[in-house]
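The values are calculated or read from the model by the stated rules, or taken from the named source; none is laboratory data. This one's a predicted model, so the numbers in the text were calculated from it and none came from an experiment. A quick note on method: Cβ atoms are made from the backbone with ideal geometry, for glycine too, and the neighbour counts reach across all protein chains shown. Heavy atoms of the whole protein, side chains included, go into the accessibility calculation; ligands, DNA and RNA do not. Shrake-Rupley method; radii C 1.70, N 1.55, O 1.52, S 1.80 Å.
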Amino acid sequence: MRPLSKAPLITQVLSEEHTASFAYLWMEDLAVTAMPVARDGEVVGVALAEDAKRPDAGTVGEIMKPLGEPVSSAEDIREAAAEFTRSGRSYAPVEKSGRIFGIVTPQQLIEELSSSWDPLTSLPWSDRLRDWGADTLGSGTEITILFFDLDDFGIYNKKHGHIVGDRVLKAFVEKIEEHVDPETDVFVRYGGDEFVIGSTRTFQQAEDLLYKLQELEVSLPDLDEQVGFSVGMSGGKRTKERLSVHFAATLDNLINLASQDCLKRKKA
């Protein structure tokens, strides 16, 4: 099962005072067909691109659609996609702890279902990071990579067995996810006991995150032994845009540099 909370939900919000033309341009820039509309910090409706682009459209408040029945962030993505097919809905608000924090459209679900993900941790694999990285760099936005590697995990696995090892991986992911912001970060399982966060935070913000994550402790309640991890970082400093053919190579280079930094920190 992969819950909706793992999907790339639309969390950027419009206000009712925004013009419809502004909303349409923003949706085009985000490559989405709908956006939430907020009032006093609460999501109260949805603006659709097809309405916003009408020549006679005025403000977002004038074209706003009702929210409709929300879906839980814990609902399985496949179940949500099936419900969209049955109902013909073009969007649905996503609820968590009694609060609407974004919307999801069939477009987001199709993209999510087309990418591969790890059934153990419910994280996407590296193909999601690569798609996100290429799109983000292509928009002219800098990214920073945090690369995680669990220390001596192979030895730990042999000592305690793979079932315990799997529990440790899940515990690690849960710890890290508490500090991941879906608006700026993409968290993936890179392979084995390696994980990566791609982020659009500023370099200083990403460095602050690194120091905070380094202090986390990963353990299981029935085991005294803790599992350490190392984290390295790269990126966030360049200012020149690149040709699109270089985006994939740039991302690979950032991941490689973060991996090398992680190894240096591990040895230190």
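Can you tell me how many residues within the range 158-199 are touching a Gly at 6+ places or on another chain (Cβ under 9 Å), under 20 Å from LEU263 (Cβ atoms) and surrounded by fewer than 19 Cβ atoms within 10 Å (Cβ to Cβ)?
Number of matching residues: 1.
Looking at (1) within 17 Å of ARG128 (Cα to Cα); (2) surrounded by fewer than 11 Cβ atoms within 10 Å (Cβ to Cβ); (3) of a type in the set (A, V, I, L, M, F, W, C), which one does ILE155 not meet, given that it meets all the others?
(1)
State yes or no: is ARG78 open to solvent by 50 Å² or more (accessible area, probe 1.4 Å), in a loop (DSSP other than H, G, I, E, B) and of a type in the set (Lys, Arg)?
On the way: open to solvent by 50 Å² or more (accessible area, probe 1.4 Å): yes; in a loop (DSSP other than H, G, I, E, B): no; of a type in the set (Lys, Arg): yes.
Considered against the rule, which asks whether it is open to solvent by 50 Å² or more (accessible area, probe 1.4 Å), in a loop (DSSP other than H, G, I, E, B) and of a type in the set (Lys, Arg), ARG78 comes out as no.
Only residues that are aliphatic (A, V, I, L, M) and touching a Pro at 6+ places or on another chain (Cβ under 9 Å): list them for the range 40-59, please. Working first, answer last.
Residues of the range 40-59 aliphatic (A, V, I, L, M): 43-44, 46-49, 52, 57.
If the condition is that a residue be aliphatic (A, V, I, L, M) and touching a Pro at 6+ places or on another chain (Cβ under 9 Å), then VAL43, VAL44, VAL46, ALA47 are the ones that fit.
Give the number of residues within the range 154-173 that are in contact (Cβ under 8 Å) with a residue 12 or more places away in the chain and on the phi > 0 side of the Ramachandran plot.
0
For (1) small (Gly, Ala, Ser); (2) surrounded by fewer than 13 Cβ atoms within 10 Å (Cβ to Cβ); (3) in a helix (DSSP H, G or I), each residue gets a yes or a no:
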position: SER5; (1), (2), (3): yes, no, yes
position: VAL37; (1), (2), (3): no, no, no
position: GLY45; (1), (2), (3): yes, no, no
position: ASP51; (1), (2), (3): no, no, yes
position: ARG54; (1), (2), (3): no, yes, no
position: ALA82; (1), (2), (3): yes, yes, yes
position: THR85; (1), (2), (3): no, yes, yes
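Quick one: is LEU216 surrounded by 19 or more Cβ atoms within 10 Å (Cβ to Cβ) and closer than 22 Å to ALA268 by Cβ?
Details: surrounded by 19 or more Cβ atoms within 10 Å (Cβ to Cβ): no; closer than 22 Å to ALA268 by Cβ: yes.
Spelling it out, it is not the case that LEU216 is surrounded by 19 or more Cβ atoms within 10 Å (Cβ to Cβ) and closer than 22 Å to ALA268 by Cβ.
What are the residue pairs meeting all of these: first residue in the range 83-99, first residue in contact (Cβ under 8 Å) with a residue 60 or more places away in the chain and over 12 Å from PRO70 (Cβ atoms), second residue open to solvent by 60 Å² or more (accessible area, probe 1.4 Å) and in a helix (DSSP H, G or I), Cβ atoms under 8 Å, and 6 or more apart or on different chains?
Nothing qualifies.
What number of residues within the range 11-32 are on the phi < 0 side of the Ramachandran plot and surrounded by fewer than 17 Cβ atoms within 10 Å (Cβ to Cβ)?
Just the residues of the range 11-32 that are on the phi < 0 side of the Ramachandran plot, to begin with: 11-30, 32.
Right, trim to surrounded by fewer than 17 Cβ atoms within 10 Å (Cβ to Cβ) and you get 11-12, 15-17, 19, 21-22, 25, 28-30.
Here the count works out to 12.
Do you know which residues across the range 47-63 are out of contact with any Ser or Thr (no Cβ under 9 Å at 6 or more places or on another chain) and in contact (Cβ under 8 Å) with a residue 12 or more places away in the chain? So that I can check it myself, show each step before the final result.
Taking the range 47-63 first, the residues out of contact with any Ser or Thr (no Cβ under 9 Å at 6 or more places or on another chain) are 47, 51, 54-56, 62-63.
Across the range 47-63, the qualifying residues are ALA47, ASP51, ARG54, GLU62, ILE63.
Pick out the one residue from PRO106, PRO70 that is without any contact (Cβ under 8 Å) to a residue 40 or more places away in the chain, under 18 Å from the mean Cα position of the chain (by Cα) and open to solvent by less than 50 Å² (accessible area, probe 1.4 Å).
On the way: PRO70 fails: under 18 Å from the mean Cα position of the chain (by Cα).
Step by step, each of PRO106, PRO70 is checked, and only PRO106 is without any contact (Cβ under 8 Å) to a residue 40 or more places away in the chain, under 18 Å from the mean Cα position of the chain (by Cα) and open to solvent by less than 50 Å² (accessible area, probe 1.4 Å).
Restricting to the range 56-65, give me the number of residues that are surrounded by fewer than 18 Cβ atoms within 10 Å (Cβ to Cβ), part of a helix (DSSP H, G or I) and in contact with a helix residue (DSSP H, G or I) (Cβ under 9 Å, 6 or more places away or on another chain).
Residues in the range 56-65 being surrounded by fewer than 18 Cβ atoms within 10 Å (Cβ to Cβ), part of a helix (DSSP H, G or I) and in contact with a helix residue (DSSP H, G or I) (Cβ under 9 Å, 6 or more places away or on another chain): 1 in total.
So which residues in the range 16-49 are of a type in the set (Asp, Glu), modelled with pLDDT under 95 and touching a strand residue (DSSP E or B) at 6+ places or on another chain (Cβ under 9 Å), if there are any at all?
Within the range 16-49, the subset of a type in the set (Asp, Glu) is 16-17, 28-29, 40, 42.
From the residues that got through so far, the ones that are modelled with pLDDT under 95 too are 28-29, 40, 42.
If the condition is that a residue be of a type in the set (Asp, Glu), modelled with pLDDT under 95 and touching a strand residue (DSSP E or B) at 6+ places or on another chain (Cβ under 9 Å), then GLU42 is the only one that fits.
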